[in-house]
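Enquirer: Have a look at this one.
The values are calculated or read from the model by the stated rules, or taken from the named source; none is laboratory data. None of these values were measured; they are calculated from a predicted model. Note that we place each Cβ from the backbone using ideal geometry, even for glycine, and neighbour counts take in every protein chain shown. Ligands, DNA and RNA are excluded from the accessible area calculation, which covers all protein heavy atoms including side chains. Shrake-Rupley method; radii C 1.70, N 1.55, O 1.52, S 1.80 Å.
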Amino acid sequence: MKIVLFSVLLISSHSVLCQDEDGPYRGNYLGKLNSYHHQVSGDIYAVNDWTLLVTSFNYDGNGADTFFWAGAANRPGPQGFIVPDKHGKTNVLERYFNQDFTLVLPDKKTINDIKWFAIYDIWSQNTFGDIYIPEGFEPPTIQKISSLIGKVNGITTESVEILDAKRIRLNQFTYDGKAKGAYFWVGVGAQAVAKGYKVPDEYGYLDPLRAYKNLTITLELPGDKTVFDIDWFSIFDHDTKQNLASIIIPEALNVPPSLVKIIPHKNELPNCLQLHKDFQVSWEIFGPQITYQLAGQVAENEYMSFGTSGSDQGSQMIGADVAVAYIDGYRGFATDYNITALTPCVKVLGQYKGVCKDDVLGGLDNNQLNSAVRENGINIITWRRTLISPDPGDKEIPAEGSIFVVWGVGKLDKTNEPAFHDLYPKTDVKIELNPKEPQNNCYSFTRSKTEPTEPWKKGQIFDKSIRIFNAYIGPSGAKKGYQAITGHASTALSWYVNGLLAPEIWLRRGLSYAFRVRGGNDPHSPEHYHPLVLTDEPYGGFDKLSDAAQAKVRVLAGVEYSRRGRPRPTAAGPLCLAKHKEGLDRRLDDDFDSFKKFNRSLTYHCESGDPGVLEFTPNSSWPDIIYYSSFTQANMGWRIRVVDSFNQRSSGVNMRLNGYLIIFVILFELLS
């Protein structure tokens, strides 16, 4: 039996159904338990059709054979059934002291199927406490309200539903995306107006709305706001101050309480901007310095980045001056980085390019860390820097006016360097540096129990007849892609082999194989120069390693050494790149439920010329597990299993190749 445990911290000022005047919204109030024996007491709420919330519950635990008990007879007695306890178990009740918890009725029973709920002792057939369900009682449930239909921008919905106190679902929502300043918007009053609050989209972003076509999406009201705090929901264009479409939220909705937990956060600096549902920045200029604070609901192995745009005309990553902030154990960092290319820091003809630390580029780390703390899953990191830095790589910050900024959130790699960001904006973001009155639109963080996403099926190449593998590069996917396949932080690109994203490959010792490599052969390109190498090390990026680190890696194929002992790759070929189609948002890659569907959404751009060829023959000295990777960049490839006989392979892996894999093999044969 699955029990849903939750913290209800949602403030409602005028719900008449279910809670004290100033207390949290808990559901439809049934009343206080009638107390007969063993100090039983507490309050009972109906959360939904099948769930009861018990608050301030007390029981001395001295009953012989006592259970939570419910039934449809006229009064509590032997004709009833056990309601599993707060842990989902049917054990004899132990002592409770002032506890809050939920109970779920078993066997798909609903509250309308019972007439009473009791604390009942089966051995003595005594009722220690009970409460009766009123005749005609209506448990909280999803409420369907009027449809959202607009006269402009093609806005339609099949229906709109209030799922609970904080969530609104738009069924079959359509919007053309042409209003450049349109947002999901809520507020109070008789009709939708410019004074209100942004509602993050279904991914938590606060960007202007993208286009939607017959999609069902669920929106969560920001911070501690609930449906009882608003009178309308709208799609509002702030550029034209026009209400594109809106609906009225009925009063006193009998909806379930939200399972979302509110995590208050107090900003220590006067100005604050909510960048994403889970990320905010605050700042203050004092004298010749500016102080920043980032607060983000991130995992322990994730970073937050924020800084000045590389362009004065908009938010641009290239040329940006950013801080990469994270906490490693008990130590915090807000390291100064420059962005010269959209790739993790790599060597290009002896020079570093990409997202590189200032001190790697010959500059100075101009950030001075003030504090770093992790509380309730929130990283809070504060640092200061001078407005005008002596480092020529740092952007000057004016004492007045506004600047465009960039930001991102992503995973750290094994060296605590930032990998490709999972969260980032697609539109321009501007902050007013020193406003006359502090500007603050930040709100409390929220956290809900999310269902784990099903990763894409891992690619496998196990075919005795295949001797040639076609390798090119393409998008790494979001969290369902390379990260899920390998467990490594991903860059923007990954190896695709025979049409599969970072597949696991099986080879037999004594047979000769070849990779036909199309990862780019221009050593001047930091993003698109990826010779293929085989090593015994799982991450790759051999050229980035120090001499001492390189000495610990066994290179099996793809590298030769100059007379001076410097490594150089041998298998570089013209670039063949899989890309997102124009207009598609790579932040939505997880919407694809399989790699096959994701792959069909990509376009392919291949340069002319013969591929690079990496020929090799595994022998008895080779390890059982080796890795194919990029010579220049880490976290792009994956694993090769080397066996003495193909019969060693586990029988659980599907030996048939998908039809689209064969198509890509033929494609590369023709290109070659």
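Enquirer: Give me the distance between the Cα centres of segment 553-577 and segment 298-374, rounded to whole Å.
Expert: Between the Cα centres of segment 553-577 and segment 298-374 lies a distance of 29 Å.
Enquirer: Could you report the accessible area of Glu268 in Å², rounded to 10, computed with a 1.4 Å probe on the protein chains as they sit in the structure?
Expert: 140
Enquirer: Using the Cα centre of the chain as origin and beta-carbon charges of +1 (Lys, Arg) and -1 (Asp, Glu), tell me which of Ile431, Val373, Gly350 is placed farthest towards the positive end of the dipole.
Expert: Gly350
Enquirer: If you filter segment 156-206 for trypsin sites (Lys or Arg not before Pro), then keep DSSP loop positions with at most 16 other Cβ within 10 Å, what is left?
Expert: The qualifying sites are Lys178, Lys180, Lys195.
Enquirer: Let me ask something additional. So for segment 501-603, taking the charge dipole from beta-carbon charges (+1 Lys/Arg, -1 Asp/Glu), which of Leu511, Leu501, Ser546 sits furthest toward the positive end?
Expert: Leu511
Enquirer: Out of segment 37-146, which chymotrypsin sites (Phe, Trp or Tyr not before Pro) are coil in DSSP terms and have no more than 15 other C-beta atoms within 10 Å?
Expert: Those that pass, being in a loop and sparsely packed, are Trp123, Phe137.
Enquirer: Hey, another quick one. With the contact rule set at Cα under 8 Å and sequence spacing of 6 or more, what percent relative contact order holds for segment 512-597?
Expert: Relative contact order, segment 512-597: 33 percent.
Enquirer: In addition: Looking at the P(r) of segment 198-296, how many percent of alpha-carbon pairs lie beyond 21 Å?
Expert: For segment 198-296, the share of Cα pairs beyond 21 Å comes to 50 percent.
Enquirer: How large is ³J(HN,Hα) for each residue in segment 634-646, as worked out from phi by the Karplus curve 6.51 cos²θ - 1.76 cosθ + 1.60 (θ = phi - 60°), to whole Hz, x for Gly and Pro?
Expert: For segment 634-646, the Karplus-derived couplings read 7, 6, 10, x, 8, 9, 10, 9, 9, 10, 7, 8, 5 Hz, x marking Gly and Pro.
Enquirer: Return the Cα extents of segment 81-143 along principal axes one, two and three, sorted largest first, each rounded to a whole Å.
Expert: 39, 25, 23
Enquirer: Here is a further query. With only Lys, Arg, Asp and Glu charged, each at its Cβ (+1 for the first two, -1 for the last two), find how big the charge dipole of the chain is about the Cα centre; round to the nearest 20 debye.
Expert: With only Lys, Arg, Asp and Glu charged at Cβ, the dipole is about 2100 debye.
Enquirer: For Rg/Rh (Cα atoms, Kirkwood Rh), which listed value, (1) 1.43; (2) 1.04; (3) 1.10, comes from the coordinates shown?
Expert: Matching the structure shown: (2).
Enquirer: Quickly estimate the mean residue ellipticity at 222 nm for the chain, helices only: each DSSP H run with n ≥ 4 gives -39500 (n - 2.57), and the total goes over all residues, rounded to 500.
Expert: My calculation for the chain gives -1000 deg cm²/dmol from helical runs alone.
Enquirer: Right, something else. Helix 659-671 against the longest principal axis of the chain: what's the angle in degrees, Cα atoms only, rounded to the nearest 10?
Expert: Between helix and principal axis, roughly 30 degrees.
Enquirer: Right, another one. Please give the solvent-accessible surface of Ile339 in Å², to the nearest 10, using a probe radius of 1.4 Å with every protein chain present.
Expert: 10
Enquirer: Let me know the charge dipole size of segment 399-553 about its Cα centre in debye, to the nearest 20, where only the beta-carbon of Lys, Arg (+1) and Asp, Glu (-1) is charged.
Expert: 780
Enquirer: What number, in percent, do you get for the relative contact order of the chain if the mean sequence gap of Cα pairs under 8 Å and at least 6 apart is divided by its residue count?
Expert: The value is 9 percent.
Enquirer: Once you've got the Cα coordinates, tell me which of Lys180/Lys544; Lys108/Lys277; Lys436/Lys581; Lys458/Lys552 are over 32 Å apart.
Expert: Lys180/Lys544; Lys108/Lys277; Lys436/Lys581
Enquirer: Which loop GluC sites (Glu not before Pro) in segment 511-619, with loop taken from DSSP, have no more than 10 other Cβ atoms within 10 angstrom of their Cβ?
Expert: Here the GluC sites (Glu not before Pro) that fit, given the DSSP loop and packing criteria, are Glu582.
Enquirer: Rounded to the nearest 10 Å², what accessible area does Leu588 have for a 1.4 Å probe in the complete protein model?
Expert: Near enough 30 Å² of accessible area.
Enquirer: A follow-up question, please. Considering amide H positions built from the backbone, and no H for Pro or chain starts, which residues 5 or more places from Ser41, or on another chain, come under 5 Å of its amide H?
Expert: For Ser41, the qualifying residues are Asn58.
Enquirer: Let me ask something additional. Just name one of Ala192, Asn440, Tyr326: the one whose Cα is farthest towards the positive end of the charge dipole of the chain (beta-carbon charges, Lys/Arg +1, Asp/Glu -1).
Expert: Farthest along the dipole direction, towards plus: Tyr326.
Enquirer: Can you give the charge dipole size of segment 516-620 about its Cα centre, rounded to the nearest 20 debye, using +1 on the beta carbon of Lys and Arg and -1 on the beta carbon of Asp and Glu?
Expert: The dipole of segment 516-620 has a size of about 200 debye.
Enquirer: While we're on this one: Report the Cα centroid-to-centroid distance between segment 176-221 and segment 501-531 in angstrom, as an integer.
Expert: When both Cα centres are located, 44 Å separates them.
Enquirer: What are the lysines whose alpha-carbon lies under 19 Å from the alpha-carbon of Lys109, with same-chain residues fewer than 8 places away excluded?
Expert: Partners found: Lys2, Lys86, Lys89.
Enquirer: Can I ask one more? Largest first, how would Glu284, Glu537, Glu135 line up by accessible area (1.4 Å probe)?
Expert: Sorted descending by solvent-accessible area, the residues read Glu135, Glu284, Glu537.
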